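What follows is one structure encoded as structure tokens, with my remarks underneath.
Read-outs: derived from the displayed coordinates by stated rules, not from any lab. The model shown is predicted, which means the values in this text are computed figures rather than measured ones. Cβ sites come from the backbone with ideal geometry, for glycine too, and all protein chains shown count toward neighbours.
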Amino acid sequence: MRFLFLSQYWAPEVGGAQANLSAIVRELVGRGHRVEVVTALPNYPKGRFFDGYRGRLYRREDREGARVHRLWLYPAMGGGPSRMANYASFALTSLVGLALAERPDWVFVESPSMLLSLPAWVLSRLRRSPFVFDVGDLWPDSIREMGLLRPGPVLKALEALEAWTYREARFVLAATEGIYRTLVERKGVPREKVIFFPSGVDTGRFRPLPRDPEWARRIDPGDRKVVLYAGNLGYAQGLETALQAMAQVRDRKDLLLVMVGDGSAAATLRARARALDLDNVRFLDPVPEEEVPRLASIAFLGYAGLRDLPLFEGARPCKVVAYMACGLPVIFSGRGEVPRMLERSGAGVSVPPEDPAALARALVTAVEHPEAWSRMGASARAWVEDRLAWEVLVTRWLDCLEGRREAPGPEEA
């Protein structure tokens, strides 16, 4: 079959969505399917075009075995009108990429933003190509609950667009159990068109590795146990909690938090770490996803967190699954879906969100009970291989597209 992926975000940008989409494309290409991608010139998360892409309106390249059409957009970061201009500009320029692509059998639309359903619908009408809409974030619910857009006509228009998108899409993909329930029970999307399609992982690329000597030299942890955070340094992650927890364990000489990534809160977090005089925290620039397993090889656990907002109770950060695939046990600061997954899999522990004292206690317990945490890491890897490998997830998704099975719910994963 021929697939066309429409997404504002793509490698070489670093992030959960980018890694997931690249992995799905690799899986499809490996099975003999033809794939094209329409995406933006890379600019995330700093809101500046990457070197080699500045001054361009269009660029074609090949990546992961797919032909990629890159289009200009208005680069921006943060929220408000500039971010809306960022989304709207790509929804418009993406039409050029869609016109240049071959006629696909299926169009895969990644959100955010919800605006991409408009060019996808145009393509589906002109070329009779159905589209599936991947809901990785309940947009516009998230921007409303985080206060990024005030109630008014713009928000109402986005909510109307959301309802229309779910009606027009052949299938709607739900990335988490919470999103699945919301779509079916609150948004009124028919159960038979909602496919539970969680964030998976390439278990061949993300796997336990021997301790990497190059990264060990670069980080130079000494006798300290490395706690790894790899991902977006943004508002939603609530990473101030991790800094405060490390302040509470500053007297210990056996812990080092390594934060790898960038984002809208990066400068604030670095300044806060300096203000707290944290010599047990180290920041590193983003790395390509293929470097993450090598980084994980020098860590003894992975950390992730989300702020204490109802919206995030149904979230499942991609980094958690990546840690698990690398054989790392996980500490998660937050509520909802990830704590349930960690409990079912035996892959780690969760603590209340935005509770530095609870996180500090969990870190100390992990250091003082290494054998128990090593067993958690083994359980994490086994769980991912059985349930969240892309090979398993893509097979089930293709079976739905080709009518060989009904749309699966969370109970089947």
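In this structure, the pairs whose alpha-carbon distance is over 26 Å, taken from Lys46/Lys225; Lys225/Lys319; Lys156/Lys193, are Lys46/Lys225. Based on Cα contacts under 8 Å between residues 6+ apart, the chain shows a relative contact order of 14 percent.
Please report the base-10 log of the normalised intensity I(q)/I(0) for the range 343-387, using a Debye sum with one equal scatterer per alpha carbon and no solvent, at each q in 0.14, 0.15, 0.23, 0.25 (1/Å). For the requested q values the scattering log ratios are -0.38, -0.43, -0.83, -0.89.
Each DSSP beta bridge with both residues in the chain is either parallel or antiparallel, and the antiparallel ones are about 10%.
Calculated on C-alpha atoms, the gyration radius of the range 213-387 divided by its Kirkwood radius gives an Rg/Rh of 0.92.
The three principal axes of the C-alpha atoms in the chain carry coordinate ranges of 64, 44, 41 Å, sorted with the longest axis first. On full extension, the segment bounded by Glu343 and Arg2 gains 118.8 nm, given 0.36 nm per residue less the C-alpha separation. Approximating the spin labels as points 7 Å out from Cα along Cα→Cβ, the Leu57-to-Glu290 distance works out to 3.4 nm. For the range 160-258, applying the loop criterion from DSSP together with a ceiling of 11 other beta carbons within 10 Å to the trypsin sites (Lys or Arg not before Pro) yields Arg211, Lys253.
Grab the other residues whose beta carbon is less than 15 angstrom from that of Glu36, score K and R as +1, D and E as -1, and report the net.
Values: positive: Arg2, Arg26, Arg34, Arg59, Arg60, Arg63, Arg67, Arg70, Arg103, Arg127; negative: Glu61, Asp62, Glu64, Glu102, Asp105, Glu110.
Net charge in that neighbourhood comes out at +4.
With a cut-off of 12 Å between beta carbons, the residues surrounding Glu168 carry a summed charge of +3, where Lys and Arg count +1 and Asp and Glu -1. Give me the one-decimal nm value for the distance between modelled label points at Asp220 and Arg186, 7 Å along each residue's Cα-to-Cβ direction. It works out to 5.0 nm between the two label points.
Computed per residue of the chain from DSSP H runs no shorter than four, each worth -39500 (n - 2.57), the mean residue ellipticity at 222 nm is -12000 deg cm²/dmol. Can you tally the net charge around Glu102? Count Lys and Arg as +1, Asp and Glu as -1, for every other residue whose Cβ sits under 9 Å from the Cβ of Glu102. Net charge around Glu102: +3. For the range 81-154, the set of trypsin sites (Lys or Arg not before Pro) satisfying both a DSSP loop assignment and a count of at most 13 other C-beta atoms within 10 Å is given as Arg128.
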